[in-house]
1. Whole-Hz ³J(HN,Hα) for each residue in segment B:324-332, computed from phi via Karplus 6.51 cos²θ - 1.76 cosθ + 1.60 with θ = phi - 60°, x for glycine and proline: what do you get?
2. Would you pull out the residues with amide H under 5 Å of A:LEU138's amide H, same chain only if 5 or more places away, H placed 1.01 Å from N?
3. For A:THR205, enumerate residues with amide H under 5 Å from its amide H, sequence gap 5+ or separate chain, H modeled in the peptide plane.
4. Please quote Rg/Rh for chain A to two decimal places, taking the Kirkwood radius as Rh and restricting both calculations to Cα atoms.
5. What whole-number value in cubic angstrom gives the convex hull volume per residue for the C-alpha atoms of segment B:100-152?
6. Separation between the A:ARG233 and B:ARG362 pseudo-spin-labels, each 7 Å from Cα along Cα→Cβ, expressed in nm?
7. Based on the Cβ-Cβ distance from B:LEU384 to B:ARG315, what FRET efficiency comes out when R0 is 41 Å, to the nearest 0.05?
8. Give, as ranges by residue number, the residues of segment A:14-51 whose backbone N falls under 16 Å from the point 7 Å along Cα→Cβ of A:ALA64.
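The values are calculated or read from the model by the stated rules, or taken from the named source; none is laboratory data. Predicted model only: the values in this text are computed from it and were never measured. Please note: Cβ atoms are built from the backbone with ideal geometry, for glycine as well, and neighbour counts cover all protein chains shown. With ligands, DNA and RNA removed, areas are computed over all heavy atoms of the protein, side chains included. Shrake-Rupley method; radii C 1.70, N 1.55, O 1.52, S 1.80 Å.
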Amino acid sequence: MIDTDTPFALALDQVEFHWAGRDAFGLRVSGFRIGRGERVLLLGESGSGKSTLLSLICGINAPARGSIRVDGTEMVSMPAAARDRFRAEKIGIVFQQFNLLPYASPVDNILLPLCFAPDRRARAGDGRTAALALTDALGLARHTMASPTADRLSVGQQQRVAVARALIGAPSLIIADEPTSALDAGSQANFLDLLFAQCSAAGSTLLMVSHDERLAPRFDRSVRMEDIATLTREAAA
Amino acid sequence: MILLRLALRSLIARRLTVGLTIFAVALSVALFLGVEKVRTGAKASFGDTISDTDLIVGARSGSVQLLLYSVFRIGNATNNVTWESYQDIAARPEVDWIVPISLGDSHRQFRVMGTTAEYFERYKYRSGRALGFAEGRAFDDLFDAVIGADVAAALGYAVDDPLVVAHGLASFTNHENQPFRVAGILAKTGTPVDRTVIVSLEAIEAIHVDWQGGARIPGQATSPDEIRQMDLTPSAVTAAMIGVKSRLQIFELQRSINQYPEEPLLAVLPGVALQELWGIVGIAETALIAVSGMVVATALLGMAAMIFSGLNERRREMAILRAVGARPLTIVGLLMLEAVLMALIAVLLGIALLYTGLWALRPYVDAAFGLYLPIDTLSSREGLVAIGVILAAAVTSLFPAVRAYRLSLSDGMIVRS
Ligand SMILES: Nc1ncnc2c1ncn2[C@@H]1O[C@H](COP(=O)(O)OP(=O)(O)OP(=O)(O)O)[C@@H](O)[C@H]1O
Ligand SMILES: [Mg+2]
């Protein structure tokens, strides 16, 4: 199934999805593509379905119909367990906030995806070393990393640990859902610099969601939600 | 394995609620196993109390009652066996040996038993063990007494110490004018003998010389020397232990005693009466097991409730796990692992509590109930209970785990918190 010739890291075609329940929010995407190594910003109003779209791309939720290919592999037809494994191997995710298991150490948090992704684990080599190399590059001090639990870190530090978790083992696609909205302007710029640098270093494609248009110039391309998706708010079929 | 470490970390992070839950389960396990220990200990020690006696004879009452007062010194006889009846039975050809027992007096909190010196040879416990003397020897004088190990320990008596016997149980009027002497102290047996003061049948008569109908005859005080001159043949005994010449004759002898024309008597086989006693105790036993089982179930439900109530706060945590590639089943597994870990810790703690409790309470239980609880390793049955608790915890945790499964499917990666 893997089509190595395709230039796309991500390709969506005729995707339809709606949340369970009456009058549930629904989403239709007729076509959306991201090239390998591209950095794309997805802009949209609050409630426009950005996070919903990311859930579909990550394979956490499955669309009613359509095709979603990550790195050329069709995810929609996969059994749920295979999709979870595929996500672990191929996709790194950064949330807006509360990215980390508060009771686990920062390093354990970073190593978490490797538990579910043997290939990625093999690529990462020694997990601890790889994790610390990433956090060094992301400007996290070693004594910060030595903290016994992740909840002692500041929000900015936690977001950087989350980036390290998304990047460990160099997955092909990084999905970031408003990772900077909890940071002040200065930290935001700094955070983006680090994120871009590490994505390039790992050769990963980046899809980042935001409602802040001022970030657009920093990306290769920015896409508006309304340009790629139609929202439906009809009764579930 | 990192997941196991995470489960442990997560438990540690919630140590207060988790700790209380574990403690509740541990207590319930300790209670359950403790009840088991006491139950089996009591059964064993009851069963070990008498052996090698073929029949016990007393006035007609219930066979359990007869067994209880004659062997266990629990309760009292309603009637006595007259000396004539006793002699008649003793004279029967089937009887190999017969030892009379006369009860009804006490020394401090301990019962006094009148018997013959043959008692020390004939009474056997724990499949044929005979009584042994720790100090001194059997009585040979009218005012000699032999005391059980617990009597000696509790009252601090040594051989040759004087003692005063009170008439009736818990009586305040002492037979002050008949000073007994400790002739011997028996070795510990773990039976009611340990808590008995043993004197001769004649001695029992001697104590009652100046008494009539439970009251002291006013102004009368016969001196010990005068008593020695009197005829002290008893008029009645409380019960008798019998050994037959051939085991085949037991039932025949039992029947003829039960049909004894002069007086309503009852002869029982100790083993059969014990069996009957189990039948009665069995109900209480079952109730006890049921109640302590219920306590374990309650504690496990409490644990399930604790996991349930934590789910909402942990939706974020589950979304993170899903995002990094965990399958919903992994999340179910993680929650069950958590429950199993808690149960495992609780069971270990419960066992530790049990043994500390046994160790601490054993002397007290021994002194108060004459029940010697053995501190040995867990029986396979108790091991099964421990494993059962852990399995039950896993099963109980299925409910919150399935709920977590549903939540993690419907939440997707978006958790609003
Ligand atoms: N788990 C869910 N179950 C049902 N409906 C959901 C779920 N998650 C989101 N929705 C609905 O989908 C719609 C779009 O939500 P979504 O979170 O995708 O928007 P968004 O663009 O990410 O908004 P924001 O910028 O505020 O994050 C909302 O109407 C929301 O109620
Ligand atoms: Mg969103």
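1. After applying 6.51 cos²θ - 1.76 cosθ + 1.60, I find 7, x, 5, 7, x, 5, 4, 5, 4 Hz.
2. none
3. So A:THR205 has HN proximity to A:GLY37, A:LEU173, A:ILE174.
4. Working: Rg = 17.5 Å, Rh = 18.2 Å.
We get a ratio of 0.96 for chain A.
5. On the way: hull volume 5.6 nm³, N = 53.
Dividing the Cα hull volume of segment B:100-152 by its residue count gives 105 Å³.
6. Between A:ARG233 and B:ARG362, the label points sit 7.5 nm apart.
7. Working: r = 37 Å, r/R0 = 0.91.
Result of the calculation: an efficiency of 0.65.
8. So the set is A:14-30.
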